[in-house]
Amino acid sequence: MTQPILHVRDLSVALPKGADRPFAVEGVTLEVNPAEILCIVGESGSGKSVLTATLMGAAPRGLRVARGQALMSDEDLLRVSERRWRDIRGKDIGMIFQEPMASLNPALTVAQQIEEVFELHSDLPRAERQRRARALVEEMHLPEPDRILRSYPHQLSGGQCQRVVIAMALAMSPRLLIADEPTTALDVTTQAQVLKLIRELRDHHGHGIIFITHDLGVVADIADRIAVMRQGQIVEIGSAEQVLKSPAHDYTKALIAAVPSLEPHDRPPAPAGASALRVDALNHSYGTKQVLHDIEIDLSPGRVLSIVGESGSGKSTIARNLIRLTDPSSGRVVVAGQEMLALKGGALRKMRRKIQMVFQDPFGSLNPRRKVGPMIARAAMLSGASRAEAIARTKDLLELVGLQRSAYDRRPAAFSGGQRQRIGIARALAMQPDVLIADESVSALDVSVQAQVLDLLADLQSRLSLAVVFITHDLRVAAQISDEIIVLSKGHVVERGPASAVLSAPQHPYTRDLLAAAPGRGVF
Amino acid sequence: MTLGSFLLRKTAVAILTMLTVSFLIFLAFEVNVADVAVKVLGQYSTPDQRTAWLAENGYYDPFVIRYLRWLGGFVTGDWGLSTFFRVPITSIVFPRLGASALLAGGALLVIVVFGLGLGILAGMRAGSLLDRVISVFSVITTSIPDFASAVFLSGIFVFWLGLLPGASTMISGFSLRELILPVLVLGLYSMGYLARITRASMVEVMGTHYIRTARLKGANPARIVLRHAMRNALITPVTVIMLQLPWLLSGVIVIEVFYAYKGFGSLLYDAALNQDIYLVEACAMVSVLVVVLSQILSDLIYGWLNPRISLGAKA
Amino acid sequence: MKILLPYLKKPLVVIGVALSGGWLLVAFLAPILAPYDPLETLQPLARPMATGADGQLFVLGTDMLGRDILSRLIWGARTVVIYSTLATLTAYAFGMLFGLIAGYMGGRIDAALSFAANVVLSFPVLVLYIVIIVLIGASPLNIVIAVTFSSAPAIFRIVRGITMDVASRDYVAAAITQGESTWRILLVDILPNTTGPLAVDFCLRLGYTAITIGTLGFLGLGLPPPTPDWGGMVNEGRAMAIAFPHLVIFPCIAISSLTLGLSLLADGLREVNEAKERQA
C-alpha cells in the first residue's frame, strides 16, 4: 500500500455564531492516494465546498478551523503560514473550479496565465516557460494551440476555458488536484470530454484527485472512492463499487434512489382527438441569426412533451415564443383551438391564461415584495374567478402542491428553492391553463428535491389532464416525465418520437452522442 | 464594430445633440425679439431705437432663418459681439477657456493621482482600518459644497497658516502659488468621488473568481493587486474620469468667482449677471461641446481598456 | 423598530441620522429655537458670544446689517429643507414617471426619452442653472423649476436602468403571461422593487439639491434677499470675511454638516440594501 498524498483527520470548521448549525464541516476524516479520484458528493449546504476551500487555506471569512489535521508529507496544511501556502498552492496542490470562464483573468491571455505558474514556482527561462505552456495546452486536447495561447478568455468556449484552468492547475504537476464541481457549468457532451481528460490525468500522471460534485451520475463515471457528505459530516465513505451498489447509510440510499433513471416508463400512445397545443413552422431570428428552424409540435391534452437540448439549442426561445414573451419571426401557435400569434391587446391577455409557465430560477420568479397567497389569488382572479373563489382556489392549490396553508401570508423569502418552485407551480395552475410549460423548472434544485418536484408535476399533470411542455437539458429528467421527446440542436429538431423509442433506439447521431454523454450510464 | 464606424456613430449622436442644444439655446434666448433688443440696447433705449436696431440686424426675419444664420455664424467662428465687454466674443472666450483649462488640468492631476491611489489602497482590503479612514475622507470631500471647502481651506492656509494667497487674480502675471488653492478646492469633490468608484471597483474585482485563481496559483498579494486586479479594476474609474469634466466645469464657475480667477467660469458668470445674452449663448454652447467631446473620449478609453468589449457594445 | 435596527449599528449612520434629523428638527422648530427675528436689525457686526447694548447675547455674532446669525442659520435651515425637499420631490415625480415608462416600454419611446434626457444632461449642472435663472429670474418657484429640470433627467436614467433590470426578472414575465395589465405590472411588480436603490439616491440627491441651492445663493443667483439662506449669507459676508470670519464660517459649517449627514445616511442605506441582497 502506497503512502496517501493527503490525510485529513477529524477536521472541523466552525461556523460563526448564529448560523443554523455550529460546524460547516464536522469531524471529517479521509485520505487521498496517488492515482486515485476521491469523489465527495453532497447536496447544497453539505459543507463540501467549505471542506476543499479549507484544504487550500482559503476558507471563507468568518469560518474557523476548530480542530483536526490535514497532513501532506507530514506537514499540517491547517497550520501553515500564508507565505508557505504561496509555495504549496499551484506547486503541490492544484485547483479547478466550477465557473471556468470567471476563473480566468479577462485582461490576460491564456499564455500569460499559464506561464505565470512557472514564473511563480520555477526558475525556468522564458522560452522554456512558453514551450511548456504550449505542451500543456496540447495535452488538454485543445484545438489550434497557438491560437488558444494568444486568446483572451472571452474568446474561448466554456469547455475550452475549463481545459485552460486544468492546464494551469497541472503546470507544476502537483501531487494533489482539487476539483470543485468542475463540470457543473458545462453541457453534457463537453462534460463527458472533460471527465475523460481527468481520468487520463489520473492514469498517466498518478495525481491524487479530490472531485467535488452534487451529481451522482458524474460520480459513477469517475470515482475510485466516494465520500458522501451531509450537513458537514461524512456519512459514508468507501470504494465506488461498494457505495453505489450496496450503500450502507440511509441518506446514501435516498440520494441514489433520487437519481432519475434513463429508462423511460411505458406510456400509452397519444389518444386521438383535438390537440391542446399545436405549433406549425415556427421560426425565430435575432437580427440576421436564425435560432429556430421550422419547429413543429402537436400535443394532446394529458400528455407530456420534453424538448431536450444543450445550451444555445434554442429551447428556451421556444418557451418564450409559446407564451409570447417574444414574438417569433413566423409560424403558428394554436392553443385550445385558438391561434395565439394573431391576438393582440385585451384578446391576447384573455387567452394568455390558457398557456402558463413554471420558470427556471426559483429565486427570480416570485416577486419578493408580494405575499404568496395574494399572488396566487391574483392569478386566479385574472382567469375570471371571483375574489372568494380565488381565495378558496389558492388555499386548495397550496395544499395540492404540498405547502402549509400558513404559506398564504408569507413572502417568498421564507421558502426554500423547492418550495418556491411549488409556489410557482401553484401560481401557474391558479389560472387553470390547458398547457403548462416548464422551462428547466427542476434544474436549479438538489437531486432529492428535484425528484419530489418532478413527482408533483407528474401527479398534477395526470390528475388535471394537462398538456405539458417540459424543457430540459437533462435526459434523465426527460426520461422520467415524458410521453414524447423532441431533441433540439442548433435550432433544428433532429429527432422526435415516443420517449421509449428516442431513448432506447436513437436514430440521429446527435441524440446518440447526448445519450452516450449522459453521466452514470450503466450504473443508474 | 470597427473603430471607424464606432467613431462615426458617436460623432453623429454628438452632432445631433449639439444641434438640439443649439436650437434650444437659441429658442430660449432669442425667440422673443423685443426682449433681445432690451437686453442688447439696455433698459433706457427708446422703442424707436430698438425697432431700428432689430430691423437692421435682421430680427424681423422668420425664426428658422434667424436660427440657421446664427448657427452658421457659430460654426464659422462668427460669434458676435459681447454687449458687456464690447469685444468680439471669440477674442475673449478662448483665452479664458485656456486659463480654465489650466485650472481644470491641475485639478484633474490631483483627481487622478489621489482619487485612483486612495481608491486602490482602500479597495485592496475591504473593511480594513485604512479602507475605513479613506472612505470617511471621501464621503466628507464629496459632501461639502465647493464654496464651503473654499472657505474652509482658505481659512486654514490663508488666514491661519498664512501660507498661500487668498485670491488668484494673477494681476502681476502667472503665479503658481495663486493656483494651488483653486486647483485643490476644485479637485477635492471629484477626487473623493473617483476614490469611491475606484474602491468599489477594486473591492468587486478582489472578490472575483479569477483573483481566487491567482491566489491559489501561489501569487503573492502585491502581484495579485498589481498584475491581476489593477487593470480590471481601473476600467470603470478611468472611464469615469472623463465624465467628471462636466462637474469640473460647474466647479470652475464657483472657484473662479471665489478666487477672482479670470477664466471661463467667471466669464459665464459675468455674462449672466450682466444679461449679456450673446456671451451666455456662446459659453453655454462651448460648455456643452466640452461635455459631448469628453463623453466620446470616455467611450473610446473604455473600449481601449476592456478587451472583452468590442467598441460600441456597451452603448 | 426592527427594520431600523441594522441601520443603527454603524456609528457613521448614527452620525448621519443625527445630522440630517437634527437639521430637520431645527427647521421644524425654527420659531421656537431662534432667539431673534432673523430679519431684525439689532447691532451690526457683533462677534460671536458678544453681548449687545440691551444685554442680548449673540452666540454666533451678527452680520453687517446687524441681524443675528444664529437666528438666520436656524431659519435658513427651514429654507433649505423646504426648497430642497420640494425640488427633489418634483424632480423625482417626473424622473420616475418617464424612467419607468422608458425602462419598461423600451423601443422608440425609450430612445426618444433617453435622447431628451441626454440633451439636458450634456449641460454642466451649474451652466444649466445659470442659463435658466438668466431666462426666468431668481425666485423660490423658479429655483424649484430649475432644480427639477436639471435633476429629473439624472433620476430618469437611474430609474430607467433599475426598471430594465427588474423588468427582466421572471416574476415580471410571469405577470405578463397571466395577462396582467401594463400599469399594474409597473405599479405592483416593478415599482416596489426599485425602492431600495432609489432611497439611497433620494438621500444623495437631497444633499445635491441643498448644495445647489446653497451654491446659487453663494453666486447671488439664489433666493432673493432678505430670505435667510445659507449660501446667500456666505455671499453677503464674503467681502468682509477677512476681518469677520464668523460671517462665512458658520453658514458653511451648517450646509456642510447637513449634506454630510445626508451622504452618511445614503451610505448606511446602501450598505443595508447590499447586505439584504447578499442574504437573498
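The values are calculated or read from the model by the stated rules, or taken from the named source; none is laboratory data. On a predicted model such as this, the values are computed, not experimentally measured, just so you know. Here the Cβ positions follow ideal geometry from the backbone for every residue, glycine too, while neighbour counts run over all protein chains shown.
Annotations for the structure displayed:
- In the range C:235-250, residue surrounded by the most Cβ atoms within 10 Å (Cβ to Cβ) [restricted to those that are in contact with a Gly (Cβ under 7 Å, 6 or more places away or on another chain) and outside any loop (DSSP other than H, G, I, E, B)]: C:248
- Restricted to helices (runs of 4 or more DSSP H) entirely inside the range A:329-446, those with at least 3 residues that are within 12 Å of chain C (Cβ to nearest Cβ) are A:345-351, A:372-382, A:417-430.
- With respect to the conditions (1) within 12 Å of another protein chain (Cβ to nearest Cβ); (2) surrounded by 22 or more Cβ atoms within 10 Å (Cβ to Cβ); (3) part of a helix (DSSP H, G or I), residue C:155 falls short on a single one, namely (1).
- The set of residues from the range C:159-169 being crowded, with 19+ Cβ neighbours inside 10 Å and either in contact (Cβ under 8 Å) with a residue 40 or more places away in the chain or β-branched (Val, Ile, Thr) (or both) comprises C:159, C:160, C:162, C:163, C:166, C:167.
- Looking across B:282, B:214, B:271, one residue alone is at the interface with another protein chain (Cβ under 9 Å from one of its Cβ atoms), in a helix (DSSP H, G or I), touching a Phe, Trp or Tyr at 6+ places or on another chain (Cβ under 8 Å) and not basic (Lys, Arg). It is B:271.
- A single member of B:166, B:155 is modelled with pLDDT under 90, within 8 Å of another protein chain (Cβ to nearest Cβ) and in a helix (DSSP H, G or I), and it is B:155.
- Remark: pairs (first residue in the range A:360-387, more than 18 Å from residue A:408 (Cβ to Cβ); second residue surrounded by fewer than 21 Cβ atoms within 10 Å (Cβ to Cβ) and among the hydroxyl-bearing types (Ser, Thr, Tyr); Cβ separation under 8 Å; 6+ apart in sequence or on different chains) = A:360/A:443.
- Looking only at the range C:190-231, residues that are within 30 Å of residue A:349 (Cα to Cα) and in contact with an Asp or Glu (Cβ under 8 Å, 6 or more places away or on another chain) come to 0 in all.
- Filter result (aliphatic (A, V, I, L, M), closer than 19 Å to residue A:182 by Cα and within 7 Å of chain B (Cβ to nearest Cβ)) within the range A:77-118: A:95, A:102, A:104
- Taken together, the criteria exclude residue A:272 from residues that are over 30 Å from residue A:516 (Cβ atoms), in a strand (DSSP E or B) and outside the structural domain of residue A:212 (by the TED database).
- Scanning the range B:236-267 for residues that are facing chain C (nearest Cβ under 8 Å) and hydroxyl-bearing (Ser, Thr, Tyr) returns a single hit, B:250.
- Residue tally, condition over 28 Å from the mean Cα position of the chain (by Cα) and surrounded by 14 or more Cβ atoms within 10 Å (Cβ to Cβ), over the range A:408-424: 2
- Number of the exception - residue A:5 against (1) under 27 Å from residue B:208 (Cα atoms); (2) crowded, with 18+ Cβ neighbours inside 10 Å; (3) in contact (Cβ under 8 Å) with a residue 60 or more places away in the chain: (1)
Yes/no matrix, rows are residues, columns are (1) closer than 19 Å to residue A:449 by Cβ; (2) of a type outside the set (Gly, Ala, Ser); (3) assigned by the TED database to the domain that holds residue A:97:
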{"position": "A:199", "(1), (2), (3)": "no, yes, yes"}
{"position": "A:202", "(1), (2), (3)": "no, yes, yes"}
{"position": "A:213", "(1), (2), (3)": "yes, yes, yes"}
{"position": "A:221", "(1), (2), (3)": "no, yes, yes"}
{"position": "A:228", "(1), (2), (3)": "yes, yes, yes"}
{"position": "A:233", "(1), (2), (3)": "no, yes, yes"}
{"position": "A:248", "(1), (2), (3)": "no, no, yes"}
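- When the range B:114-139 is filtered for residues that are away from chain C (no Cβ under 14 Å) and closer than 12 Å to residue B:198 by Cα, the ones remaining, listed by number, are B:114, B:115, B:116, B:117, B:118, B:119, B:120, B:121, B:123, B:124.
- Taken over the range A:107-128, the criterion of being under 31 Å from the mean Cα position of the chain (by Cα) and surrounded by 19 or more Cβ atoms within 10 Å (Cβ to Cβ) is satisfied by A:107, A:108, A:110, A:111, A:113, A:114, A:117.
- Taken over the range A:382-405, the criterion of being surrounded by fewer than 18 Cβ atoms within 10 Å (Cβ to Cβ) and of a type in the set (S, T, N, Q) is satisfied by A:386, A:404.
- Residues of the range A:204-224 that turn out to be under 20 Å from the mean Cα position of the chain (by Cα) and part of a helix (DSSP H, G or I), as a count: 7
- Residue in the range C:257-278 that is facing another protein chain (nearest Cβ under 9 Å), free of Cβ contacts under 8 Å to residues at least 24 places away in the same chain and out of contact with any Pro (no Cβ under 7 Å at 6 or more places or on another chain) present: no
- Looking across the range A:162-182, the residues that are among the hydrophobic types (A, V, I, L, M, F, W, C) and within 11 Å of another protein chain (Cβ to nearest Cβ) come down to A:164, A:165, A:168, A:169, A:171, A:172, A:178.
- Selection within the range A:131-156 - farther than 16 Å from residue A:105 by Cβ and in contact (Cβ under 8 Å) with a residue 12 or more places away in the chain: A:132, A:134, A:136, A:137, A:139, A:140, A:141, A:142, A:146
- Subset tally (residues that are surrounded by fewer than 18 Cβ atoms within 10 Å (Cβ to Cβ), within 23 Å of residue A:175 (Cα to Cα) and under 24 Å from the mean Cα position of the chain (by Cα)) for the range A:225-251: 0
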